[in-house]
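Report on the structure given below.
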Amino acid sequence: MPTEKRGVVVGAGVAGLAAARALVDGGASVVVLDKGRAPGGRLATRRIDDAVFDHGAQFFTARDGRFAPKVAEWRAAGAVVSWFEEALRGARGMSSLARRLADGLDVRTGVTVRSVARSDAGYAVTTDDGERYPCDVVVLTAPVPQSLALLDAGGVALDPAVRAVLAGVAYDRCLAGMFAAPWPPALPAHGVARVDGEVLAWLASNRAKGISAVDAVTAHALPAWSLAHWDDDDAAVLAAMAAEVSRHTGGAARPVALKRWRYARPTGCVDGPVAVRDGGAALVFAGDAFHVDGGRVEAAWLSGIAAAAAA
Ligand SMILES: Cc1cc2nc3c(=O)[nH]c(=O)nc-3n(C[C@H](O)[C@H](O)[C@H](O)COP(=O)(O)OP(=O)(O)OC[C@H]3O[C@@H](n4cnc5c(N)ncnc54)[C@H](O)[C@@H]3O)c2cc1C
């Protein structure tokens, strides 16, 4: 990519940060915009009083030959540590990984992108506060329905075949409950419990994981349960989930907070990024849905790297 290329990456999750790093390394000048308060997207660590919760992605793997050497670098720098078996985690929660990925990049958080339109430069990305970013390359890493809405808002019409591929990407939802609950010695010392029943998909102690100084348990509801209870109020969701957490841990779980992941994991993935090129301009869709084995941190990173190569 020639040095004068200007890129805007929408989304500072793993995919967006990986794409931005690769574009910058290729000589582009890149701005990453994210509506969240901090980079990371679904890599999310929350502190509530003394309790620390990873409430999005819980761990990640490094199976791919391109990802593994990067992870080795992050491990050497102390940002990433082993958790159990092949599972890795951020040193101080999964957001440690996001901070590491964002290091040295121009990442602007608290900035909501409103539209992506064509312009003389190629594209123009406009934010809710009226800022306009003309650029040659746009990488869209928000969940696909949100990325399509940005193009609709900017009047960018996609080839119907491309649009149909993108419209096929759907997502499971996840209700993520955070609880104060003791972790009994009968459960695995690494902090991940087996779950059964029709409510929970995942149950883990952030204290046993090594990121919280006090009892802090994260529970993820199954996709079907999350969908069925999506419109219930927080107290009802947390009460139902707390009963399940208590049943599995044998103690009384106290609800602390609820996070609703509307786009938790993609259900229909596309094999690789989708790029629309026109002269020197490029529009690239990336994110964890753009990998054959998607819905994972590793897949999101690989998709970001592939997106930069396709730009
Ligand atoms: C509950 C849960 C558990 C999971 N567990 C695991 C696990 O254990 N292991 C694993 O490997 N993976 C797990 N995953 C999946 C993993 O988190 C994702 O695959 C990965 O983090 C996706 O990264 P991404 O960059 O593609 O998307 P995201 O992280 O979603 O990033 C997209 C970014 O776009 C931003 N954005 C959206 N719209 C706009 C806009 N208009 N303007 C500005 N910014 C915008 C968002 O704020 C977000 O930061 C889990 C996910 C969830 C939700």
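A few remarks follow.
- Residues that are in a loop (DSSP other than H, G, I, E, B) and either crowded, with 24+ Cβ neighbours inside 10 Å or more than 8 Å from the ligand (Cβ to nearest atom) (or both) within the range 9-41 comprise Gly11, Ala12, Gly13, Gly26, Gly27, Ala28, Arg37, Ala38, Pro39, Gly40, Gly41, listed in sequence order.
- The range 108-142, residues that are of a type in the set (Asp, Glu) and more than 21 Å from Asp278 (Cβ to Cβ): Asp128, Asp129, Glu131
- Matching entry among Ala289, Ala236, Ala240, Ala224 (being touching a helix residue (DSSP H, G or I) at 6+ places or on another chain (Cβ under 9 Å), aliphatic (A, V, I, L, M), at pLDDT 95 or above and part of a helix (DSSP H, G or I)): Ala240
- Selected residue (only one of Val256, Val274 is more than 10 Å from the ligand (Cβ to nearest atom), touching a strand residue (DSSP E or B) at 6+ places or on another chain (Cβ under 6 Å) and in the same structural domain as Leu175 (by TED's automatic domain parsing)): Val256
- When Ala161, Ala176 are checked against the criterion of being in the same structural domain as Val256 (by TED's automatic domain parsing), of a type outside the set (Asp, Glu) and out of contact with any helix residue (DSSP H, G or I) (no Cβ under 6 Å at 6 or more places or on another chain), a single residue qualifies: Ala176.
- Screening the range 42-109 for strands (runs of 3 or more DSSP E) wholly inside it with 2 or more residues that are of a type in the set (Gly, Ala, Ser) returns the ranges 87-90.
- Criterion violated by Arg296 - all others in (1) loosely packed, with under 14 Cβ neighbours inside 10 Å; (2) within 29 Å of Ala51 (Cα to Cα); (3) among the charged types (D, E, K, R); (4) in the same structural domain as Gly65 (by TED's automatic domain parsing) satisfied: (1)
The values are calculated or read from the model by the stated rules, or taken from the named source; none is laboratory data. None of the values given here were measured: they were computed from a predicted structure. In this analysis, Cβ positions are derived from the backbone assuming ideal geometry, glycine residues included, and neighbour counts consider all displayed protein chains.
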